[in-house]
Amino acid sequence: MRAPLSVIVPTLNAEAALPLLLADLMAANEAGLLRELILSDGGSTDQSQRIAEAVGAEWVTGPAGRGGQLQRGVAQAKGDWLLILHADSHLPEGWLEAVSRHIGMAHGPDHGPDQSADQKAGYFALSFDAKGPMPRLVAGWANLRARLLGLPYGDQGLLLSRVLYDQIGGYPDIPLMEDVAIAKALTGQLRPLDARIVTSAAKYQQQGWLRRGTRNLVTLLRYLAGADPEDLAQAYRR
């Protein structure tokens, strides 16, 4: 039986973060769960490709923009299940068991996909690689938003079957809010995994926790109100 899981990671000059994530993913390879690792790049000029090729990852290239990068990455995937992760993520102990349980719940006794079983998508609880009240507050809000509103962000990861991905139409090719767009398409079909993911706090520490958190919230509200993702991306970069 072929391994069921394709991992897709969008990258853009991610050489500093990639080694930690790739080391985490080796556990899935050793457990026979990982079919392939696909890095969908948006034009890196650093050593990201060299690092990817050193571990046997597939390298896909195209214009920068997470929506398009993820769309291209998933198009190359052959697994029955997809795990979408950000390059600056770290998967602590317990993540592999949580993913295995989720996949196992949606498989029948012959270990093939069971269309009558639970085919919901899963996401991780968020935490940051920083200590203090602000990291806990921001992560707590993200986890609450995901549970109450069904809107996990991309840095919480996304695990879903290929069947479900195709049913909802996949990622839109937009430069920003692709994670919210797919979460909205998955309304009623998302549930938390019994594991956490650790994401980098570097951008929050550089820009200020309150400032970046407020900007993220305003961007989310504007998108939900119908703003053009292209306009939002330009404003976000400024």
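Mind telling me which of the residues L20, L39 ends up being open to solvent by 70 Å² or more (accessible area, probe 1.4 Å), of a type in the set (A, V, I, L, M) and closer than 16 Å to H86 by Cβ?
L20
The strands (runs of 3 or more DSSP E) found entirely in region 4-91 that carry 1 or more residues being in contact with a strand residue (DSSP E or B) (Cβ under 7 Å, 6 or more places away or on another chain) and over 20 Å from L193 (Cβ atoms) are 5-11, 34-41, 58-61. All of (1) polar (S, T, N, Q); (2) closer than 26 Å to R237 by Cα; (3) in contact (Cβ under 8 Å) with a residue 12 or more places away in the chain hold for Q49 with one exception: (3). Take the conditions open to solvent by 20 Å² or more (accessible area, probe 1.4 Å), modelled with pLDDT of 95 or more and within 23 Å of P152 (Cβ to Cβ) and apply them to A75. Does it pass? Taking the combined requirement at face value, the residue satisfies it. Residue selection: S100 satisfies the criterion of being open to solvent by 40 Å² or more (accessible area, probe 1.4 Å) and either modelled with pLDDT of 95 or more or assigned to a helix (DSSP H, G or I) (or both).
For Q69, the conditions (1) without any contact (Cβ under 8 Å) to a residue 24 or more places away in the chain; (2) out of contact with any helix residue (DSSP H, G or I) (no Cβ under 8 Å at 6 or more places or on another chain) all hold with the exception of (1). Taking region 148-174 as the range and being in contact with a Gly (Cβ under 9 Å, 6 or more places away or on another chain) and on the phi > 0 side of the Ramachandran plot as the test, the residues that pass are G150, G157.
Is it the case that L164 is touching a His at 6+ places or on another chain (Cβ under 7 Å) and within 30 Å of A3 (Cβ to Cβ)? When the stated conditions are applied, L164 does not pass them.
The values are calculated or read from the model by the stated rules, or taken from the named source; none is laboratory data. Only a predicted model underlies this, so the values are computations on that prediction, with no experimental measurement involved. Glycine also receives a Cβ, built like all others from the backbone with ideal geometry; neighbour counts cover every protein chain displayed. What goes into the accessible areas is simple: the full protein's heavy atoms, side chains included, and nothing from ligands, DNA or RNA. Shrake-Rupley method; radii C 1.70, N 1.55, O 1.52, S 1.80 Å.
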